[in-house]
Amino acid sequence: MTDIIDDLTRERYDAAGFGRPVGLGKRPGLLIIDVQYRTTGTEPRPFDEAIGEFTTSCGDVAWDAVGNIAQLLALFREKGWPVLYPYVAPKKAFDAGALGAKVPGIMDIPDKGYEFHPDIAPLEGEILLPKRHPSAFFGTPLLSYLVQAGIDSLVVTGCSTSGCVRGSAVDAFSYNYKVAVPSDAVYDRSPLVHEVNLFDMGQKYADVSTTADLMTSLRAIGD
C-alpha cells in the first residue's frame, strides 16, 4: 500500500490492537467478483477514455488486477479448490430501486459489458452467482455452496474494492470465514478510495497482502 494512510491513523489502529493477521484455513475458496467488461473495458485504457465505453469501467488499473487474479485462478484450479463467480446480471427496469437511483448509468450497460473478461472466464463446473446487490452473499446461495464444499476461508478478488469486494469481505467475516484480500487483485476507479478501503478491511475484516505473498501462503497449504 501507499502512503495515503497517515502515520497517526496507523498508530491509533495499532495501539488499539487492530489489524492482527488471521491466516488461511485448510480449504480456501476463490471469489472473482464482477470482473466483466463493464468494469474492465474491452481493452486497457486510461480511466477518462475507458468510461467512454462503459461508464462503470475502472480503466487500466482493472487490467493490472486481472493479471494477478489470473495467477490466483490458475493456482486454485491446479489445487482443485472451489472457484466462484459472483457477478452482476443484466439489469432490468424492475432492478432499478435504490441502486438505479444512486448510479443511473448502471441501468444502461450494453450486453457486451456483462461478458466475463476472457483471462478469468469461468470453466464448466465453476459456480456462477448472479447478484443484484454489492455483497456476493445478499440474495444468492453463496453460503450454501461454501458449506457444501467445506470451504473455511475465502480469497476475495475483483471489483470494486470499496463496493462489492468490501461488502462481500465484511459478510464473509461476519459468517466467521477467514478472509484474504490481495491488494493488487482488486480494483476501483479511485486510487484514494482503493487504498483507504484496503487499509480499513485489513484492520477489521481481512488479511490484506500482495498476490505474490498470498500465493506463497496458498501453496503451503497441505504441504
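Side notes on the structure shown:
- Spin-label model distance (nm) - Ala74 vs Ala15, 7 Å beyond Cα toward Cβ: 4.6 nm
- Nonlocal amide H pairs with Leu129, under 5 Å, H built at 1.01 Å: Tyr85, Tyr87
- Dipole of segment 25-220 [Lys/Arg +1, Asp/Glu -1 at C-beta], most positive-end residue of Ala149, Leu123, Val88: Ala149
- For the chain: span of alpha carbons on each principal axis (Å, largest first): 44, 44, 31
- The distance between label points at Asp64 and Leu8 comes to 2.9 nm (points 7 Å beyond Cα on the Cα→Cβ vector).
- Pairs of Cα atoms farther than 16 Å apart, segment 12-97, %: 68 percent
- Annotation: peptides 179-188, 208-217, ranked by per-residue average of other Cβ atoms within 10 Å with the highest first, follow the order 179-188, 208-217.
- R0 of 30 Å, Cβ-Cβ distance Asp213-Ala98: FRET efficiency to nearest 0.05: 0.20
- Within the chain, the selection of entire DSSP H helices by a Cα span of 24 Å or greater along the long axis and an average Kyte-Doolittle value of at least -0.5 returns 60-79.
- FRET efficiency for Lys26 and Ala89, using Cβ-Cβ distance with R0 set to 41 Å, rounded to 0.05: 0.80
- Across segment 25-220, Cα pairs under 8 Å and at least six residues apart give a relative contact order of 26 percent.
- Ranked Val196, Val61, criterion: other C-beta atoms within 10 Å, fewest first: Val196, Val61
- Remark: the chain carries a charge dipole of roughly 860 debye about the Cα centre, counting +1 on each Lys and Arg Cβ and -1 on each Asp and Glu Cβ.
Here, each number is a calculation from the coordinates, and none is a lab measurement. The model shown is predicted, which means the values in this text are computed figures rather than measured ones. Quick reminder, even Gly has a Cβ in these numbers, built from the backbone with ideal geometry, and neighbours come from all protein chains shown.
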